[in-house]
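Step one of this worksheet: look at the structure below.
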Amino acid sequence: MRMRKPLLTILPDSRCNFPLTIITLHSLTPYLTPTAYLTLYEEAFGPASDVSNLTDKRFQSHLYLPFVVAIMSTEAILKQVRAVLGPDLLVWFTEWHVKRPASSSKYTPHQDSTYAGLVPAEDVVTVWVALTEATRTNGCLEFVPMTEYHGEQLPHVEEPGDSTNLLLRGQRIASEHLDFTAKAVPVELCPGEATIHAFRCVHASGPNRSDASPRVGLAIRYMKPSVRQMQGGRREGAMLVSGQDDFGHFDLQPLPSEAWDRGGLALHAREMEAMRVNYMESRRKETG
């Protein structure tokens, strides 16, 4: 895919997608080919072929990988996020999104806010950084403009038996609440481009139908320090990347000193346990 000049693409509602921004990977980490990114991922986290092979390490890797911190702290990204949320920013969550060539793995239509427990949801955004090209063929993101559902939280159903769904709870938006296929807008990205979308923005991505093009992306969730975790009862951490935190709602996470350092891995284990308790809280309430 040919690299584009900086571009500005805004879907019909400004709270759905903000400007797409060119981010130069050369300034973040040595240039890697798409295949090399896939190799790096699988050497670190294991095979990225289906849900059963995924491990906790794909989440919160900024706690033990300095190059992930470099990506989420780059000024090209922070400038865009500050324009939406203001000067003080915490990173609450990072997650690798990887699809091998010719794989059936997908992300069904969903909203990031559904089980997160973060309030207010309007003060949280997701940045999705393409580390390889993301095309319609290899499963790029697709968004539904928030004008189609007034930015509301929509009901989700869970299908945990779907082994191709990369979402933790197998969730999807019930089709009677939104016709995703008819409303979705695909957003193709070059390596080093990123999208930024609101926490309640409906989005999905299909399987990678290419023969040789892996799709590797990094999702980063930024929030104002005033946001609270209102679910589950476990205190969580977040990393300060801009300004200051005058609220103390989250434990501030230290920067990793080196890749896979022991302290970062121990912190990662604690954060993942808190996430399991808080993220699954609504399921326990639903099942009694």
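Here is the figure for the range 236-258: residues that are farther than 20 Å from S113 by Cβ and either hydroxyl-bearing (S, T, Y) or over 21 Å from the mean Cα position of the chain (by Cα) (or both) total 8.
When we screen Q231, Q253 for residues that are modelled with pLDDT under 95 and crowded, with 18+ Cβ neighbours inside 10 Å, the only hit is Q231. Checked against (1) outside any loop (DSSP other than H, G, I, E, B); (2) touching a helix residue (DSSP H, G or I) at 6+ places or on another chain (Cβ under 6 Å), R200 meets all criteria but (1).
Can you tell me which residue in the range 239-249 is surrounded by the most Cβ atoms within 10 Å (Cβ to Cβ), limited to those that are of a type in the set (A, V, I, L, M, F, W, C) and over 13 Å from Q60 (Cβ atoms)? Checking each candidate, the answer is V241. Modelled with pLDDT of 85 or more, assigned to a strand (DSSP E or B) and among the aliphatic types (A, V, I, L, M): does that describe V127? Yes: the conditions hold for V127.
Yes/no matrix, rows are residues, columns are (1) aromatic (F, W, Y); (2) crowded, with 18+ Cβ neighbours inside 10 Å:
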{"position": "Q153", "(1), (2)": "no, no"}
{"position": "D162", "(1), (2)": "no, no"}
{"position": "L189", "(1), (2)": "no, yes"}
{"position": "F199", "(1), (2)": "yes, yes"}
{"position": "R209", "(1), (2)": "no, no"}
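Within the range 170-182, the set of residues being more than 19 Å from the chain's Cα centre (by Cα), of a type outside the set (S, T, Y) and within 18 Å of V157 (Cβ to Cβ) comprises A174, E176, H177, L178, D179, F180. Scanning the range 186-214 for residues that are at pLDDT 85 or above, over 14 Å from the mean Cα position of the chain (by Cα) and not small (G, A, S) yields P186, V187, E188, L189, P207, N208, R209, D211, P214. Considering the range 82-118, and only residues there that are modelled with pLDDT of 90 or more and of a type in the set (D, E), the residue that is farthest from F59 (Cα to Cα) turns out to be D88. Tell me which residues, restricted to the range 159-182, are at pLDDT 80 or above and under 30 Å from K224 (Cα atoms). The one that is at pLDDT 80 or above and under 30 Å from K224 (Cα atoms): I173.
Restricted to the range 202-256, and to residues there that are free of Cβ contacts under 8 Å to residues at least 60 places away in the same chain and basic (K, R), the residue that is nearest to K79 (Cα to Cα) is R235.
Note on the range 63-116: among residues that are free of Cβ contacts under 8 Å to residues at least 60 places away in the same chain, over 23 Å from Y149 (Cα atoms) and not hydrophobic (A, V, I, L, M, F, W, C), the one that is surrounded by the most Cβ atoms within 10 Å (Cβ to Cβ) is T74. Of all residues assigned to the range 140-161, none qualifies as being touching a Ser or Thr at 6+ places or on another chain (Cβ under 7 Å) and within 27 Å of H268 (Cα to Cα).
The values are calculated or read from the model by the stated rules, or taken from the named source; none is laboratory data. Remember, it's a predicted structure, so these values are computed and weren't measured experimentally. Heads up, the Cβs are rebuilt from the backbone with ideal geometry, glycines too, and the neighbour counts pull from every protein chain shown.
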